[in-house]
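Rule-based calculations on the coordinates, nothing more; no lab input. Note that the structure is a prediction, hence the values are computed from the model and not measured. Cβ placement follows ideal geometry from the backbone for every residue including glycine, while neighbour counts extend to all protein chains displayed.
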Amino acid sequence: MADDAAQAKVVVLGDTGVGKTCLVHRFIEGKFVPHGASTIGASFMVKKMNVGGMRLTMQIWDTAGQERFRSMAPMYYRGAEAAILVLDCTNADSYEKVRSWVEELKRNASGEIFLALACNKCDLVEERRVAQEEAEAYAKSIGAVCMETSAKSNKGIDELFGAVAKGLVQKK
Ligand code: GDP
Ligand code: MG
């Protein structure tokens, strides 16, 4: 049977080590894979969802470490309809760097992109360096939804991807 679900490409952006691969694994496989990064070879993973009665197939693109070079291949952005910007809330530098990922996204993506900011590793309360209010204010300034997430504890994962799915469906 043909699959008539709407398709959408989602790119995951952020510095190395912020937890992009763990977030994607948590969402797709429902578990925390602490050292998942090096085992990822594929360019994207697929998740089928049902959003308010509409079927949506999300193609979630994770990097295979290319973000180290602070610039991604154009094909990474091609056709992307949503971007998940990830920061590590224990690392202030990763928050500053989100700005340059937004710039890179603007340079490379075409059309309107749904944006979400994930403040990941929110389980590490003691080591927190990026205030939730600050991240929320920044997200608002770029028109992004903001979520506190932990790939480790599973906090905010369904909310994050659910918000992205909803944003995508509204565009269709
Ligand atoms: P990536 O380079 O952005 O893909 O980051 P990874 O997904 O490879 O994660 C980098 C490191 O952060 C790994 O050691 C993970 O175990 C750890 N990590 C990822 N997400 C979380 C989280 O939500 N909480 C905690 N405590 N550690 C995390
Ligand atoms: Mg990774």
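Before moving on, here are some points about what is shown:
- Cross-link table K48/K140; K31/K140; K48/K152; K121/K172; K31/K97; K140/K166, entries beyond 24 Å C-alpha to C-alpha: K48/K140; K31/K140; K121/K172; K31/K97
- Relative contact order [Cα under 8 Å, 6+ residues apart], the chain, whole percent: 25
- Note on the chain: Rg/Rh from Cα positions, Kirkwood definition for Rh, rounded to two decimals, is 0.94.
- Here the gap between N50 and R107, fully extended at 0.36 nm per residue and compared with their Cα-Cα distance, gives a gain of 17.4 nm.
- Charge-dipole axis of the stretch 1-136 as Lys and Arg at +1 and Asp and Glu at -1 on Cβ define it, positive-most pick from S43, G53, V130: S43
- Computed extension gain for H35 through K155, at 0.36 nm per residue and net of the alpha carbon distance, reaches 41.3 nm.
- Here S100 and K171 are evaluated by their C-beta separation; at R0 = 30 Å the FRET efficiency comes out at 0.75.
- The helix-only estimate of mean residue ellipticity at 222 nm for the chain, built from DSSP H runs of length n ≥ 4 each weighted as -39500 (n - 2.57), is -10000 deg cm²/dmol after division by the residue total.
- Listed from fewest to most Cβ neighbours within 10 Å, the set C22, C119 follows the order C22, C119.
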